[in-house]
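Since the structure comes first, as structure tokens, the remarks are kept for the end.
The values are calculated or read from the model by the stated rules, or taken from the named source; none is laboratory data. Computed from a predicted model, the values in this text were never measured in an experiment. Note: ideal-geometry Cβ built from the backbone for every residue, glycine included; neighbour counts use all protein chains shown.
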């Protein structure tokens, strides 16, 4: 008897449709990376991605089916098949846990984009089979014929392309053919609910115990109404259902409200909460939030109380970082219609509510970057006396460096936004950042002279200084390849050593092939929409779908004279849970280390 047949002979597994979908996937041979991590082969991964619903509430059900299969597998005789099954269960569990964090970001954005495209009549035109050409798209607005902004519309449609909702035909886009797409677009044509711009702040106030007005309560209750995902375990494509899009749209601001009210740290597996504990004044609204969390699989209702699931514990621990990064771009989403019509006012990212969430997202990468800096110093004898954190947030990179280096360094923090500098200064006042730390306000990272002049004015020599940046260089607005090279050249000529983390720019091909295994479709969208630019770490081969990628970070920095210290760079996990036939498996992000050419020569680092 084959392993598949053996497992399906178990009545409990045979009766569970999710188990029946999982078993053929989990019984295929697995592989091991050079570091000893298991992975699914391509055929198994694609079968799981398309045939096993695994986001939001279905993710929790899939985890439980996986656990039942794993336990049944433990009773099998030792052997290669049992080992492959154990590995496959591990990988599948990680995919589900990842999707709990990545999917809500994209779903939240898709809902916003579809709504403002609907307001301009484009969703109905897609449903009618029309081809939408961004370069020549006209709409009727209040009796007037208006041409939409081509670049902005193309960016919106690229997001829908990356999420499988439209297909690209040369210069145009048409609705994708899967029935789920038509069901989603048709439902949103008449969907009235639209979140207020400050909804995550409303949730924060509620969870802090504040009293809300009747209108504010109604807004929250409207968002919680009918937050469900029908328990249909059958699917043949990863394209989201209308319930999943609406649920992700409701979930993200609730989680950010909990994070902003500093509640997420206490929400571990098995933690019990009640609506009254979360909001003594408005327990009905808090109960609505818990129902959304329950529909998403993050909590389970037990009588009058709710218990945090292991999926929810993972989401509360890891979700606020990416959720907060995406939500800061809400101003662009709330003016999506106006932006398409060329009526954009002053729109900018608002980080004040989510500085803490950004700190969550960057904490682990800063550990790796500081580790790399220590190794560089130990291996080469490099010494420095000035440490700069640009795009500072709350100064997490500096806090870590101060723990290691103490008062022997001079510390500086720089940022374009006052909210970030204010948050860092509050950390300094609380004793978590160095007392000797100086701050540079209005520091555009794309203008090296602003920071360099401030350092010199403070009596700090930029040459040999170390600048650590967490996802900051992509914030340079309207960047071209040549312009980004000139930015690096400014820092290079001053002799600044650069350590920076950047999320990889991924092609639409990669985004569609890996489905919910990253949140980069949304990450790419918000940065393109705001005029920022993601880049790949290294040059990327030709891509089939979407726009060509920009020049890689490594290309721009090397053109400016920097040497990439390859031995001290670090990658996070790769996006495919298998090795693609091309061999190209980019990582989520990279910690780059670039040393000015003359200094690299002194340290013996090869170009």
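Here segment 560-588 is the region considered, the condition is being assigned to a loop (DSSP other than H, G, I, E, B) and under 30 Å from residue 601 (Cα atoms), and the residue that is nearest to the chain's Cα centre (by Cα) is 572. Restricted to segment 33-49, and to residues there that are in contact with a helix residue (DSSP H, G or I) (Cβ under 8 Å, 6 or more places away or on another chain) and in a helix (DSSP H, G or I), the residue that is surrounded by the fewest Cβ atoms within 10 Å (Cβ to Cβ) is 47.
Looking at 212, 220, can you tell me which residue is within 26 Å of the chain's Cα centre (by Cα), modelled with pLDDT of 90 or more and surrounded by 14 or more Cβ atoms within 10 Å (Cβ to Cβ)? Quick ask: steps written out before the conclusion?
Details: 212 fails: within 26 Å of the chain's Cα centre (by Cα).
Criteria check complete, one pass: 220.
For segment 465-478, residues that are at pLDDT below 95 and part of a loop (DSSP other than H, G, I, E, B) total 5.
Consider segment 7-19 and keep the residues that are surrounded by fewer than 16 Cβ atoms within 10 Å (Cβ to Cβ) and assigned to a helix (DSSP H, G or I). The one that is nearest to the chain's Cα centre (by Cα) is 17.
Residue 161 falls short on exactly one of the conditions (1) in the same structural domain as residue 333 (by TED's automatic domain parsing); (2) in contact (Cβ under 8 Å) with a residue 40 or more places away in the chain; (3) over 20 Å from residue 333 (Cα atoms), and that condition is (3). Considering the conditions (1) in contact with a strand residue (DSSP E or B) (Cβ under 8 Å, 6 or more places away or on another chain); (2) touching a residue at least 40 places away in the same chain (Cβ under 8 Å); (3) more than 25 Å from residue 327 (Cα to Cα), residue 576 is excluded by exactly one of them, (1). Say whether the condition of being farther than 24 Å from residue 461 by Cβ, part of a loop (DSSP other than H, G, I, E, B) and out of contact with any helix residue (DSSP H, G or I) (no Cβ under 6 Å at 6 or more places or on another chain) is met by at least one residue in segment 375-398. Within segment 375-398, not a single residue is farther than 24 Å from residue 461 by Cβ, part of a loop (DSSP other than H, G, I, E, B) and out of contact with any helix residue (DSSP H, G or I) (no Cβ under 6 Å at 6 or more places or on another chain). Only one entry in 475, 396, 417 is under 26 Å from residue 535 (Cβ atoms) and surrounded by 23 or more Cβ atoms within 10 Å (Cβ to Cβ), namely 396.
Name the single residue that is nearest to residue 243 (Cα to Cα) among those in segment 50-79 being more than 29 Å from the chain's Cα centre (by Cα) and crowded, with 20+ Cβ neighbours inside 10 Å. Steps first, answer last, please.
Here is the first cut: in segment 50-79, the residues more than 29 Å from the chain's Cα centre (by Cα) are 68-79.
Now restrict to residues that are crowded, with 20+ Cβ neighbours inside 10 Å: 69, 73.
Values: 69: 28, 73: 33 Å.
If we take residues in segment 50-79 being more than 29 Å from the chain's Cα centre (by Cα) and crowded, with 20+ Cβ neighbours inside 10 Å, then 69 is nearest to residue 243 (Cα to Cα).
Within segment 80-128, if we keep just the residues that are in contact with a strand residue (DSSP E or B) (Cβ under 7 Å, 6 or more places away or on another chain) and outside any helix (DSSP H, G or I), the residue that is surrounded by the most Cβ atoms within 10 Å (Cβ to Cβ) turns out to be 120.
Residue-wise test of (1) surrounded by fewer than 18 Cβ atoms within 10 Å (Cβ to Cβ); (2) modelled with pLDDT of 90 or more; (3) within 20 Å of the chain's Cα centre (by Cα).
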{"site": "304", "(1), (2), (3)": "yes, no, no"}
{"site": "323", "(1), (2), (3)": "no, yes, yes"}
{"site": "340", "(1), (2), (3)": "no, yes, no"}
{"site": "348", "(1), (2), (3)": "yes, no, yes"}
{"site": "353", "(1), (2), (3)": "no, no, yes"}
{"site": "358", "(1), (2), (3)": "no, no, yes"}
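Here residue 594 passes the criteria (1) in a loop (DSSP other than H, G, I, E, B); (2) touching a residue at least 40 places away in the same chain (Cβ under 8 Å) except the one numbered (1).
Restricting segment 161-172 to residues that are surrounded by fewer than 24 Cβ atoms within 10 Å (Cβ to Cβ) and within 23 Å of the chain's Cα centre (by Cα) leaves a set whose member that is nearest to residue 547 (Cα to Cα) is 161.
Of the residues screened, residue 435 is not one that is closer than 23 Å to residue 502 by Cα and in contact with a helix residue (DSSP H, G or I) (Cβ under 9 Å, 6 or more places away or on another chain).
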